[in-house]
Every structure is written in structure tokens, then in C-alpha cells.
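Notes for the one structure printed next.
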Amino acid sequence: MGDEVVLDASLYACSVFVACLFLLSSRHLITFKRWYDFSFLYGLALLAWGLGHLFEMHPAPLLQFLSSPVTFLFYLFLLLSFHAFPLSPHLYYDRWKTTFDVVIITSIYLTTTITIWNLPGHAWWYIHLLHLQGSLFILGRAFTIFMGNTKNSQRDHNNLLLISAALFLLVDATGHDVFKLPMQAATIIIFIMMLIGLRKMGKLGERVNILDEYLYFHEKLSFQIRDDHVNRFYLFVLVIILLVLPEWSSFYMWGMIASLLLLSVRIYLTRRANNESMKEMFGLSRSLEKQFEENMHEIRQKNDHLSNLLSVKQSYEKLLMESNRQNMQQIDFENLHTLIEEIADVWHDNMIGLDYLRISLQSKEGDDYYEIERGCPQAAGKWQQRPFSLSIKVEEHIDTPYVPDQIVIDGLTSSFFREDTELEDSFFNLLAIHVRGLIHRCLQNQQALELRLVEKEMELAARIQLSLIPKERLRIPSLEAKAVYLPAASVGGDYVDYITVHDRYTCFLVADVAGHGIPASLLTNGLRSYFRAVVQTYQNPDDILTRLNQLLYEDLSQIRSYITMFVAVYDQEEKIVRTSRAGHPQPFYLSATKQTLLPCSNGLGLGLQESARYRRDEWPVEEDFTLIIYTDGLIDLGRKEGAMTADQWLQRFHAVSCQLAPGDEDRIAAIEKEVGKLTKTKQQEDDLSLLILSFSAAT
């Protein structure tokens, strides 16, 4: 007998230990819509169960008296733990249901406990009946929770706790008086299951399954219906117990009847709440049906629209193929109207719903240069016919019969484009753009032809101008000269020339007409004639500049232009170089003893003042030196990349001269090569010309 007491006490102490573990872990479990949690309440229930039985075994009367209310707390906390079980957010017991269940379990327990006090001879029977009724009532909640837990993402872990709690209730309802050892062993196994479930049940995930509204109401209603069925079953069990076993005390009978009434009220309120939920669900179903019908109607409209689009696509493909065919043809202003007629025929035949089409080429005042009609405009009375008119600009500054100011498209459509006028407008826009494209192609072809003629003329002008520049190197006693001409465009405004007069004088000229291109090149052609005529009479450079200024002033002033010029005359008998400068850059002077800008006098450019006079400078040839006369295109070379100054060019040319091999005195070729290399690497924005004079002091 003592061993059985020790085993029972050990079992109840084990329950207290497991309860403490649940209480300690309760801080990790936070459920939805509850200020308390399952683990905490379940731990209190196990604690009350163990303490209640330990108090019952203790010899002290006070503890034995407290065993009954403590055991009641076991049922109360166990019931509340199932009400606080972590389910999906929309599956939970309402507060009023929890209140009713607490009142019902309290009523059953108080009724049975008071009956035991009044009839101690039937205590054993009433105690087992109390355990059976309490366990069945709570097991009903466990069943409802278990079925509702199927949608929970952590149901595998939570179900282990549910199953262990249900088994614990069944063992407790059976009691430990019969089959003590098996029951104790089963209780230990159940405790182990509880601890395993507690270990696996971690913190609830923050992610909540997102449900649509219909599924939300369906799951909620199913949960409430199962709760209603469980209460009805329990009501049926209580009624059967009262009917089958009529020998009850009157107090127990009235207490059970009161519990039945409370349970009936709960069932009634639950049923009414379920009906409200069903109404909401039916309303949602009707809303879904209406939405489904609207979606089906919208789908049918989309299908009709897609069918129309398919027809439009086929029509568009035909129109596109015709447009591509025309784009492959040669077109000019002679066959333009023929191609417009062809495209009008194709558009009228293939565009669905097009009854009448008119294409006209109009002037800025609205006069028709050309028009073409397809279809019958008298069909305007046709059902649901829509007139259409569109005009599109062709060119801003051209207004001719072939290149009109605008294209006007007029039409009548019916039957097809009733709801999609925007699509219809796009078709007519496409037609207008295509006709305008044909006109632009004609205009571009004509402009391309004119451009080719201009290019040929430019090539001819460039060849003519280039032929006027001396190509061969001039070689006379004590002097060699070479002209370098690099225009920025096909033709330029620089001019370089030299001519020998009377076997004594050789005259050199470097001129730069303001600007470049064709206007400047025209002036250079006239300048050559004037220069060659003047040097036959004048041999001094200042007289040459004065006379050229007189001859060119009137023409230059009318076009508001001017010419910078440098004239050098070499006298072979006296070995003197005479120079005059009219607004031109100072030449480079390179010799073995010095490298400098030639300090020659300056004067106004030609065409700026009719009475301008120019000074003459004389430079005896006393040493070998190189004189480089250039235009300002040399200084402007590579302006955006960083142009070099005159001093930098002087140093560069000096370095090139110093790099010549011993015995190689061809400085002219070295300087020409250096300039050509730099023009290939730097951007040239202006005409560039050089006149390189290499003088020798030896006779």
C-alpha cells in the first residue's frame, strides 16, 4: 500500500514539474486576439491537477478540503487553454462563448460537489460521473480545435499537444483506481508527448496565410458549425444521463437542468450567430455570382473586340504589303499621281467599313491641286455612317502642285468602327502619312539629284582652284620655294602663288580671304588674275599691295569682305628680300643663329580702306634661313583640342629642322610633312596654306 502511495505522489509531482516547464515557456508563445496564451493556461491546468491530487492524499483536513476547488481549477484552466489555442486569426472562440462555457463547467462542478457533500455515501459514483462530464465537455472543445487546426501552418507541432491533452483527459476521466499501473504508465507517456510538443512548438510565425473573402467565411462558418454540433452532442449526453439514471438527488437534478438550460441558451445563440454568418456567406456568394456574370460579359466583349482586331490585322497586313510594294518602286514627280491612285484603290478595297474615300492635295488657301475619289458620297444616309476628315502638313515653305501645303483625307465609314473611332482615325492617319511619304520621297530624290549636281560642280571648282596653286617646287639660284594648300572644305579662301619676272625678280604672294567655301573661292580666282597682271608692272611689294587694294576695294566693300595678304619679292642681283604685309600674320624666320617672327611692318587688309598705303621692308640674304609664310588657319588648327600659338609653332618647326640628318638640307619637305601629320590628328576649322622659302647665302 505504501508503494502505491509513493507512485501516486511521484506521478502528481511529475505533473507539477511538467506544469512548471509549460509556465516557463509561456513567455515565448503569443497568440492572436488573446492577452493570455495556451502554454500558460495549460501549465496552470497541469499544476492544479497535480496539486489537487496531492492535497487529496494529504492527511490534513484543510488540504483535503482544498483539493476539490483546486481540481475545479484544473478543468477551468484546461477549458480556457483550449479557448486560447493558437489557430488562424479568423478561427477563435468569441468572448461570450468562453463566458458561457466557464459558467456551464462551473455549474456542473458545483452541482456535483455539493451533491457529494450531501450524499457522502455516493461520493465514488458522483466523483467518476463528474470526471466523465467535465472531460466530455472539454473534449468537445478539443475536437473543434483539432478540426480547425488543419489550416494552421504549424499544425504538425500543435496537434501533438492537442492529442496529448485529449489523451490526458481520457485517462483522467477513467480514473486511477482501476488499472493503476497501466494508467500511471500512460500518464507518464502522455507527459513525455506534452514535453516533445512543447519543445517543437516555437514562436508562431509572423506570416499569415492570405485568404480570399469566400474562403475566410467558409472556414469560420465550418468552425462555428462544428462547435454547435459538439454542444448538441453534449446536450444529448446530459439528457440521456438524466433519463437513464432517474435516482438522483433533487439538488443534482435541478443543477443539471440549470446546466442544460445554460447549454441550450449557448446552442441557441451559437445557432443564431451561425445563421448570420451563413447570410453573410450567401450574400457573398450572390456577389460572387454577379461578379462572375459581369466578368463573363466583359470576356465576351473582349472576344468580340479581339475578333474585330483580327479582321483589322488582316486588313492592315494587306495595306502594309501594298505600302511596302510601293516603297520598292522607283518614284518621282512624273508617276506620283499614279501611285496615289493605286494606294487609294487598295485602301478602299481592303479597309473594312469604308464606303467613300477622297484624297486631295491642296494649297495653303485650300485650292485643290489634285484629287481622287473612290466610292459614292451619296451613301451618306446609310445607317450609322460616320463622316471623317483629316488634313496633314507636307512642307512648311513649299506650296506647289507636286509638293502641296497639305494633304486632305475625307471619308465615310459604317458598321465596323462603331465603338472604336480611335482605331479608325489611326487608319486614316496611316493613309495620310503614306501619301506624304510618297511626296517626300519624290522631293528627296529630286534634292538628291540636285545635290549630286552641286557635288560635281564643287568637285570641278576644287580641281580648278587646286590647279591654280603651284604644285611643283620652285628652284632658282639661292632660293627654293614650295606652296602647301589645305582647304577646310572642297574649296577654300586661301591663295598661294609665285611668279618670276624678268629673270631678276621673283614675286611671292600668300592671301587669306575672309571666310571659306564657295564665296571665298570665287574671290581667290579673281585675285589670281589681278595679281599676275599687277606684277608685270610693279616689282615692289608695297606697290603691288596698293594696286591690288585699288582694284579689289569696290568688289570687297559691296560684299563686306576683306583680304589679308603678304607679298615678298626676291631680287636675285642684289640678294635682297623685300616684303609688305596687309593684316597678315608675321612669317616664321628660321636659321642656325635665330628663330623668330619676322618683324615686318603691317598695314590694313585689302578692301578695308581705298586709300590705304603699305610700307616696305628689306632683308638682305646674309645667311642660310627659311621663311615660312602662313595663313591664320595654322594657328586655328585643333582649336577645340588645344591650338598652338605662333611661338609654339615656331619652336616646333625649329625642332623639326634640328632633327634633320647631317647632310640632309631638305627643310621644306620636313616642314611640309610635319604640317600634314598634324592636320590629320587635329580638327581643321579654317583653310590652311603655307609658303616655305629656303634661302641660301652662298652664290
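Where a number appears in this text, it was derived from the coordinates with a stated rule and is not lab data. Bear in mind that the values here come from a model prediction, so they are computed numbers and not experimental data. FYI the Cβ positions are ideal-geometry reconstructions off the backbone, even for glycines, and counts take in every protein chain you see.
Observations on the structure shown:
- In segment 473-695, the convex hull through the Cα atoms has an average projected area of 11.9 nm², a quarter of its surface area.
- Between the alpha-carbon centres of segment 478-522 and segment 591-628 there is a gap of 16 Å.
- Around ASP227: net Lys/Arg minus Asp/Glu count, Cβ-Cβ under 9 Å: +2
- Here the dipole of segment 547-699 is about 400 debye; that uses its Cα centre as origin and unit charges on the Cβ of Lys and Arg (positive) and Asp and Glu (negative).
- Cβ charges +1 (Lys, Arg) and -1 (Asp, Glu), total dipole of segment 489-625, debye: 320
- For peptides 184-190, 344-350, sequence by mean Cβ density within 10 Å, most packed first: 344-350, 184-190
- Footprinting exposure proxy for TYR562, TYR234, TYR369 (fewest neighbouring C-beta atoms within 10 Å first): TYR369, TYR234, TYR562
- Entries of LYS364/LYS393; LYS97/LYS200; LYS318/LYS364; LYS471/LYS677 with Cα pairs more than 21 Å apart: LYS97/LYS200; LYS318/LYS364
- Packing rank of 491-501, 643-653, where each peptide gets the mean count of other beta carbons within 10 Å, highest leading: 491-501, 643-653
- In segment 473-695, Cα pairs under 8 Å separated by at least six residues give a relative contact order of 25 percent.
- Sequence of VAL535, VAL171, VAL435 once ranked by neighbouring C-beta atoms within 10 Å, starting from the fewest: VAL171, VAL435, VAL535
- Positive minus negative residues near GLU294 (Lys, Arg vs Asp, Glu; Cβ under 15 Å): +1
- Charge tally in the Cβ shell below 13 Å around ARG547, where Lys, Arg are +1 and Asp, Glu are -1, ARG547 excluded: -1
- Counting beta carbons within 10 Å around each of GLU371, GLU56, GLU396 and listing the fewest first gives the order GLU396, GLU371, GLU56.
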